[in-house]
Amino acid sequence: RWSDISTTAKGAFNNPKDVAGFNVGLSAKIKLPVVSLFVMPEIYYTNFKSKATYVEADGSNIELSAKSNRIDIPVMVGFDVIGPLSVFTGPVFSTNLSSNSTFEGYKEDTSKNFSVGYQFGANVKISKLIVNARYEGSFSKDQRKFINNVTGNGVNYDNRPSFFMVGL
């Protein structure tokens, strides 16, 4: 998705990379009656930064980076596999809190604030501590645009990368 470039831009991205971030929030595990399933609603704040190198039409390279601060609301459904091991899956709804920023002659337009993704993973309960690992992907794009302050040309990109997350 890093190569989703606007028709006015004449370059290409190379060397896309995601930089580590963090999230913090609340989670609940609600066992459903009769069936062996549970619902796990969560809300958390997520912060991460992603980068890509944009190659201009003249061959020069510009490293574009987007900082994301967002509120994520996953709604997981899962079941207890055996003993302390549980697995879960479900949608995650996200809204950006990021503000527009300017750097290297480009202004970041963060006008689209809402995106939808999915998560799946597992957790293990060890005494009163829960260790959790999950993967997050995307159903919709977090479409951003960098606009060149001089030419007005724009570069579109999807800033909703896939994540592997580990939590306590």
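The values are calculated or read from the model by the stated rules, or taken from the named source; none is laboratory data. Note that the coordinates shown come from a computational prediction; the quantities given were computed from them, not determined experimentally. Cβ placement follows ideal geometry from the backbone for every residue including glycine, while neighbour counts extend to all protein chains displayed. What goes into the accessible areas is simple: the full protein's heavy atoms, side chains included, and nothing from ligands, DNA or RNA. Shrake-Rupley method; radii C 1.70, N 1.55, O 1.52, S 1.80 Å.
Identify, please: which residue in segment 105-124 is surrounded by fewer than 17 Cβ atoms within 10 Å (Cβ to Cβ) and more than 18 Å from Thr89 (Cβ to Cβ) and is, among those, modelled with the highest pLDDT? The residue in question is Phe114.
When you scan segment 12-28, do you find a residue that is within 23 Å of the chain's Cα centre (by Cα), polar (S, T, N, Q), modelled with pLDDT of 90 or more and surrounded by fewer than 16 Cβ atoms within 10 Å (Cβ to Cβ), even just one? Scanning segment 12-28 turns up at least one residue that is within 23 Å of the chain's Cα centre (by Cα), polar (S, T, N, Q), modelled with pLDDT of 90 or more and surrounded by fewer than 16 Cβ atoms within 10 Å (Cβ to Cβ). The number of residues in segment 82-99 being open to solvent by 70 Å² or more (accessible area, probe 1.4 Å) and assigned to a strand (DSSP E or B) comes to 3.
The listed residues are Met165, Met76, and the only one of them that is assigned to a strand (DSSP E or B), at pLDDT 65 or above and within 15 Å of the chain's Cα centre (by Cα) turns out to be Met165.
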